[in-house]
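**Q** Got a structure for you, written out below as structure tokens; questions coming shortly.
The values are calculated or read from the model by the stated rules, or taken from the named source; none is laboratory data. Note that the structure is a prediction, hence the values are computed from the model and not measured. Cβ sites come from the backbone with ideal geometry, for glycine too, and all protein chains shown count toward neighbours. To get the accessible areas, we keep the full protein, side chains included, count just its heavy atoms, and leave off ligands, DNA and RNA. Shrake-Rupley method; radii C 1.70, N 1.55, O 1.52, S 1.80 Å.
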Amino acid sequence: MTSTPDDAAERHVPVLLQRCVDLLAPALVEPGAVLVDCTLGMGGHTEAVLEQVPTARVVGIDRDPEAIARASRRLERFGDRFRAVHAVYDEIDEVVTDVVGGPVQGVLMDLGVSSLQIDEADRGFSYAHDAPLDMRMDPTTGPTAADVLNTYDERALTRILRDYGEERFAQRVARAIVRRREQRPWERSAELVEVVRGAIPAATRTTGGNPAKRTFQALRIEVNGELEVLGRAVPAAVDVLAVGGRLVVESYHSLEDRIVKRVLAAGATISAPPGLPVVPEEDQPYLRLLTRGAEEASAVERESNPRSASVRLRAAERTRPTPPHRRPTHRPTDRPHDPGERTR
């Protein structure tokens with residue numbers, strides 16, 4: 001499928017676009033300032049930064065080769081002010097070392113599935129179109145959603161549906177998935193929509209949209225290891241920020257937002273025991289929160305861009321280096337990926 005830069009621009013409406021630029025711009029005003037766009041997608045946020053902040057350069061990261069290709073065509077007019085890197089964004093520290101060679105002034109994360117992936121029906125992300133059950137953000141590597149459905153046991157399926165999809169009827173859906181694969185392997189998304197619909201009580205299907213929505217979300221998160229990646233990436237993003245640098249994160253469900261909130265709150269909090277008359281310098285915060293809680297899209301934006309309905313935006317500024325004793329010894333995830341739960 002061929003596309004043009006205009007095609008990418010027309011198909012993708014970035015969420016909270018101007019708010020993201022306004023939060024990042026003060027850190028990017030010095031010549032040569034670098035923003036890392038960890039989730040490049042079709043390049044909408046990056047394009048706005050390059051247009052509005054002429055001093056900025058952007059390194060765009062994406063695990064999807066098609067996103068890299070489309071965004072690169074869209075942004076080629078900016079020349080060497082933009083560079084794309086094919087990587088998963090929890091590799092941000094390695095990318096910054098290789099490409100920039102030192103701390104950066106901004107990091108942006110626009111989490112979840114991109115417009116490109118949703119709109120390409122044959123990728124299998126959407127429950128609205130019949131397609132192979134793939135759901136890989138990088139279609140060149142790793143297990144597919146069909147692999148998960150065909151190999152995970154009922155307990156593992158129940159866990160990911162409950163934890164990642166917040167599905168009330170996770171066990172019923174998991175049992176139906178296992179029963180169905182005993183007849184023939186899972187291959188197509190329309191078959192999954194039908195089975196999920198049949199597993200959920202009719203009385204609860206009248207509200208909340210397509211009942212398969214939560215199952216598709218859970219599978220996508222599992223296939224791409226999204227929460228594990230995010231749990232490593234947010235602390236890594238803080239690590240690569242220069243003093244005065246800013247991190248902006250847009251998340252789209254509570255599991256993502258919880259990880260972001262935890263890391264930013266830890267950096268913005270005094271680590272000394274309460275009651276000390278003087279707080280030691282090493283226990284002072286090293287982040288300053290730029291948003292009061294999580295910001296949401298306006299009613300006007302939600303009306304014009306339905307994908308903004310669930311967004312939660314958080315931002316922080318680095319105020320000083322992270323004290324050694326406050327650097328995480330491991331990067332948190334809400335739940336580890338346990339391949340041992342798969343049926344052998």
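**Q** For Ala202, work out the one condition from (1) hydrophobic (A, V, I, L, M, F, W, C); (2) open to solvent by 20 Å² or more (accessible area, probe 1.4 Å); (3) within 17 Å of Asp153 (Cα to Cα) it doesn't fulfil.
**A** For Ala202, the failing item is (3).
**Q** So, one more: With the requirement that a residue be assigned to a loop (DSSP other than H, G, I, E, B), within 20 Å of Ala199 (Cβ to Cβ) and of a type in the set (S, T, N, Q), what does the range 126-175 give you?
**A** Residue satisfying the conditions is Ser126 alone.
**Q** Considering only residues that are within 13 Å of Asp37 (Cβ to Cβ) and basic (Lys, Arg), look in the range 64-81 and name the one that is surrounded by the fewest Cβ atoms within 10 Å (Cβ to Cβ).
**A** By that ranking, first place goes to Arg81.
**Q** So which of Gly245, Gly267 is more than 22 Å from Leu40 (Cα to Cα) and at pLDDT 95 or above?
**A** Result: Gly267 is the single residue among Gly245, Gly267 that is more than 22 Å from Leu40 (Cα to Cα) and at pLDDT 95 or above.
**Q** Which numbered condition in (1) modelled with pLDDT of 95 or more; (2) out of contact with any Phe, Trp or Tyr (no Cβ under 8 Å at 6 or more places or on another chain); (3) under 24 Å from Tyr252 (Cα atoms) is the only one that Arg175 fails?
**A** (3)
**Q** If you don't mind, another one. Please tell me if Ala84 is of a type in the set (Gly, Ala, Ser), surrounded by 19 or more Cβ atoms within 10 Å (Cβ to Cβ) and either within 18 Å of the chain's Cα centre (by Cα) or at pLDDT below 95 (or both).
**A** Yes: the conditions hold for Ala84.
**Q** Right, here's the next one. Does Gly101 fit the bill of being part of a loop (DSSP other than H, G, I, E, B) and in contact with a His (Cβ under 8 Å, 6 or more places away or on another chain)?
**A** Criteria not met by Gly101.
**Q** Right, another one. Please enumerate the residues belonging to the range 132-189 that are in contact with a strand residue (DSSP E or B) (Cβ under 6 Å, 6 or more places away or on another chain) and either small (Gly, Ala, Ser) or open to solvent by less than 10 Å² (accessible area, probe 1.4 Å) (or both).
**A** Within the range 132-189, Tyr152 is the sole residue that qualifies.
**Q** Can you pull out the residues in the range 176-224 that are in contact (Cβ under 8 Å) with a residue 24 or more places away in the chain and in a loop (DSSP other than H, G, I, E, B)?
**A** Pro185, Trp186, Glu187, Ile200, Pro201, Asn210, Ala212
**Q** Residues to consider are Val100, Val95; find the one that is at pLDDT 95 or above, among the hydrophobic types (A, V, I, L, M, F, W, C) and within 22 Å of the chain's Cα centre (by Cα).
**A** Working: Val100 fails: within 22 Å of the chain's Cα centre (by Cα).
Matching residue, one of Val100, Val95: Val95.
**Q** Turning to a different aspect of this structure: Output the number of residues of the range 309-319 satisfying the condition of being of a type outside the set (Asp, Glu), surrounded by 14 or more Cβ atoms within 10 Å (Cβ to Cβ) and more than 14 Å from the chain's Cα centre (by Cα).
**A** Summing the residues that are of a type outside the set (Asp, Glu), surrounded by 14 or more Cβ atoms within 10 Å (Cβ to Cβ) and more than 14 Å from the chain's Cα centre (by Cα) in the range 309-319 gives 4.
**Q** Quick test of your reading of the structure: Arg81 fulfils all but one of (1) free of Cβ contacts under 8 Å to residues at least 40 places away in the same chain; (2) out of contact with any Lys or Arg (no Cβ under 7 Å at 6 or more places or on another chain). Name the failing condition by number.
**A** The single condition Arg81 does not satisfy is (2).
**Q** Taking the range 253-297 only, how many residues are open to solvent by less than 60 Å² (accessible area, probe 1.4 Å), in a loop (DSSP other than H, G, I, E, B) and more than 24 Å from Arg320 (Cα to Cα)?
**A** So in the range 253-297, the residues open to solvent by less than 60 Å² (accessible area, probe 1.4 Å) come out as 253-257, 259-260, 263-268, 271-272, 279-280, 283-287, 290-291, 293-295, 297.
Okay, now just the ones that are also in a loop (DSSP other than H, G, I, E, B), so 253, 268, 271-272, 279-280, 284-286, 290-291, 293-294, 297.
When the remaining residues are screened for being more than 24 Å from Arg320 (Cα to Cα), the result is 253, 297.
Of the residues in that region, 2 qualify.
**Q** Please go through (1) on the phi > 0 side of the Ramachandran plot; (2) assigned to a helix (DSSP H, G or I) for Val238 and return the number of the only condition it doesn't satisfy.
**A** Only one criterion is unmet by Val238, namely (1).
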